[in-house]
1. Mind checking the full-extension length gain between D40 and E209? Use 0.36 nm per residue of separation minus the Cα-Cα distance, one decimal, nm.
2. Would you mind checking which residues have amide H under 5 Å from S195's amide H? H placed 1.01 Å from N; only 5 or more apart, or other chain.
3. What figure, in Å² to the nearest 10, do you get for the accessible area of Y43 with a 1.4 Å probe and non-protein molecules left out?
4. Would you report the distance distribution of C-alpha pairs in the stretch 37-105 as whole percents per 10 angstrom bin, up to the bin with the largest distance?
5. Accessible area of D40, 1.4 Å probe, to the nearest 10 Å²?
6. At a threshold of 8 angstrom on Cα-Cα distance, excluding pairs fewer than six apart, so keeping six or more, what relative contact order does the stretch 27-119 reach in percent?
7. Between E90 and T160, take the C-beta separation as r, use R0 = 41 Å, and let me know the FRET efficiency to the nearest 0.05.
8. Which of the three applies to the stretch 171-217, rounded, prolate or oblate, going by the alpha-carbon gyration tensor with a ≥ b ≥ c and a/c under 1.5 meaning rounded?
Amino acid sequence: MSEYIYWVLLILALFYSMQVASKRDKSIKTSREEFIEKHDFEYEERISRKRERQLHQHGFQFLLSVDEEEKTNVLWKQNENEELFIFDCEYIVSSSNHSSTVSKRAIYFKFSDKCLYHFELFPENMVEKLKQFLGNEDIDFDEFPVFSNNYSLRANDKETVILNFPKELIEFIGLQKGLNIEGRGNCILIYLENSDYSDLYEMALSIKEILLRRPIK
């Protein structure tokens, strides 16, 4: 009798889990479709070869740091001045006894007539602190201790970044958690883990506008 009850409870638990997962997937799909319609994006389930090559030609550290990443749920649009696409990047994180799938949502902007300096900004976690200990130079701003404690900012040309990195952006980023930004000349990659489409898009637009409205000295 107890074994019978066990199997009944197990079947009920599995059924409940399937219902919850189905509702979650439907909610995500509805949210994505609403976002696409609101902001006039196109959609492709898997990233195209053209966009894949475009992403990898810039040497973004995020893409170099993960093996066999898969880019899915690609939302894209472009005009004569700008191209952008949002995508989910899934990859496997392995340890000595188990592995898990991690998903990060990223947004990529490419500009036809703008030029940025090369920089990389990551949350200052233990990995970043270790890199600094091993010789990677971090750019800090004494007048912005919260930003300097929470984020690691690196650049090929440190003086250019110190001179041009907007103070408004430093203040804005200091209030965020888990934000990653990589600037490469005429493009930017911004990404977060488990981010909502609307939240990421609005945040990325703010970051892009702050960066581009200040001319490089």
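The values are calculated or read from the model by the stated rules, or taken from the named source; none is laboratory data. Here the structure is a predicted model, which is why all the values come from computation and not from measurement. Counting neighbours? That spans all protein chains shown, and the Cβs are built from the backbone with ideal geometry, glycine included. The protein model used for the area step is the full one, side chains on, heavy atoms only, and it has no ligands, DNA or RNA in it. Shrake-Rupley method; radii C 1.70, N 1.55, O 1.52, S 1.80 Å.
1. Values: separation 169, 0.36 × 169 = 60.84 nm, distance 1.94 nm.
Answer, rounded to one decimal: 58.9 nm.
2. HN-HN under 5 Å from S195: R105.
3. Y43 has an accessible surface of roughly 90 Å² with all protein chains in place.
4. 17, 47, 25, 8, 2
5. The accessible area of D40 comes to roughly 120 Å².
6. Details: 121 pairs, mean separation 20.0, N = 93.
Relative contact order here is 22 percent.
7. Values: r = 34 Å, r/R0 = 0.84.
Efficiency computed from Cβ-Cβ geometry: 0.75.
8. Prolate is the answer for the stretch 171-217, as a/c is 1.5 or above and a/b outweighs b/c.
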